[in-house]
Amino acid sequence: MKITKESLNNAVQSNILSATQADKLMHFLKAQPNEGAVFDFTHILYYFGGLIAIGAMSLFMTLGWESFGGWGIFFISLIYAGVGLRLANYFKDKGYAVPAGICATFVVVLTPLGIYGLQQAFGWWPDDTTYKEYHHYIKWHWVYMELGTLIVGAIIVKLYKYPFLIMPIAVTLWYLSMDITSIISGGDYSWELRSLVSIYSGLLMIGLAFWVDIRTRKTVDYAFWLYLFGVLAFWGGLTSQSSDNEWSKFIYFMMNVSMIAVGVLLRRRVFVVFGALGSAFYLGHLASDIFENSWLFPITLTAIGLFIVYLGIVWQKNEATITRKARNFLPVQIKELLDAKD
């Protein structure tokens, strides 16, 4: 919960704090360094500008850079990286955590471009593909760029410790899983295989995110981006599976409901959002295909929806008691993780 001036005034009116204590507490909180992102105009400008700069050197890279040649691309990448690190250190010293994290992330995003230039310079590039295709196609020779990015990313995270740095690492892990599968399959990369790889790589990334979540439960949120891309990969692969079997579709629905439950337990909205989307897809399938001409289906669905709302009311009344009893069976690390999110 975000503490605002209004919430402190309410505490004063309820005789929990004095007016003097409320003012001192507000000044104290404002003086604390802000490691996380806040949805205000300042942070929107930070991330909008940062994502433009990051996108310019990744998603929006043009073929014009090929004219510099391998060595040109490599040394320009080094210069850009040097500027990024200099700015990251400057903002870090000034106490601007978000701009510092964005500039450090910019350096990690530059890594595959620098490695690409180095491979071109030494004549190690195997075909006529260009860096522009890195974010669009699955190729075995991207692996060297991805491994290098993970190494540099790990070093930068060790030095700067900003949560936003995990974003390019999570994306690179996703790319790497696809490209390694392309190597193993000998290039025979069917849609079914892509879906399965996406599911399993997503599960592995979610597992990694949970491990990071436990390890960093007493600090800032380093697991957010791993959860986001892990759930995106898992849910995307799961949803793209084709099946004419109604039982399989029902299992898909139950897995999405389970995602909602996991999201509530871990206080991770990304599970809830995608779980709700998947559940809606299944209910839409029932309405349009199975019960297309049934007048009873909308009535039944309405009753189910209202029953779920009722369960929410019951849960709200008894949440503290149920949560406390359930957490008694959990390991200490997980209990501390969940308590930190309350």
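The values are calculated or read from the model by the stated rules, or taken from the named source; none is laboratory data. Owing to the predicted nature of the structure, the values given are computational and were not obtained by experimental measurement. Please note: Cβ atoms are built from the backbone with ideal geometry, for glycine as well, and neighbour counts cover all protein chains shown.
Going through G64, G72 one at a time, which residue ends up being loosely packed, with under 11 Cβ neighbours inside 10 Å, in the same structural domain as P126 (by TED's automatic domain parsing) and either modelled with pLDDT of 70 or more or in contact with a Ser or Thr (Cβ under 7 Å, 6 or more places away or on another chain) (or both)?
When all the criteria are applied, what remains is G64.
Does at least one position in segment 103-114 carry a residue that is crowded, with 20+ Cβ neighbours inside 10 Å, small (G, A, S), farther than 25 Å from D179 by Cα and in the same structural domain as P168 (by TED's automatic domain parsing)?
yes
Among the residues in segment 189-200, are any under 21 Å from I115 (Cα atoms) and of a type in the set (A, V, I, L, M, F, W, C)?
For segment 189-200, residues under 21 Å from I115 (Cα atoms) and of a type in the set (A, V, I, L, M, F, W, C): absent.
Do we find a residue being crowded, with 17+ Cβ neighbours inside 10 Å and over 16 Å from the mean Cα position of the chain (by Cα) anywhere in segment 199-214?
no
Of all residues in segment 132-179 being aromatic (F, W, Y) and out of contact with any Asp or Glu (no Cβ under 8 Å at 6 or more places or on another chain), which is nearest to F48 (Cα to Cα)?
F164
Helices (runs of 4 or more DSSP H) wholly in segment 150-246 with at least 3 residues that are in contact (Cβ under 8 Å) with a residue 40 or more places away in the chain and under 30 Å from A81 (Cα atoms) - which ones?
166-184, 224-239
How about segment 222-267: which of its residues are at pLDDT 85 or above and among the charged types (D, E, K, R)?
K249, the sole residue that qualifies.
Would you confirm whether or not segment 38-56 contains a residue that is touching a helix residue (DSSP H, G or I) at 6+ places or on another chain (Cβ under 8 Å), in a loop (DSSP other than H, G, I, E, B) and either at pLDDT below 80 or under 30 Å from L110 (Cα atoms) (or both)?
no
Could you pull out the residue among I290, I313, I322 that is modelled with pLDDT under 70 and either surrounded by 10 or more Cβ atoms within 10 Å (Cβ to Cβ) or of a type in the set (A, V, I, L, M) (or both)?
From the options I290, I313, I322, the qualifying one is I290.
For segment 67-96, give me the residue count where each residue is touching a residue at least 60 places away in the same chain (Cβ under 8 Å) and touching a helix residue (DSSP H, G or I) at 6+ places or on another chain (Cβ under 8 Å).
Qualifying residue count, segment 67-96: 2.
Return the total of residues in segment 114-161 being more than 23 Å from I184 (Cα to Cα) and charged (D, E, K, R).
Final tally of qualifying residues: 3.
If the Cβ limit is 8 Å and pairs must be 6+ apart or interchain, which residue in segment 311-324 that is closer than 16 Å to K335 by Cα and in contact (Cβ under 8 Å) with a residue 40 or more places away in the chain pairs with which residue that is among the acidic types (D, E) and part of a helix (DSSP H, G or I)?
Correct list of pairs: empty, since none qualify.
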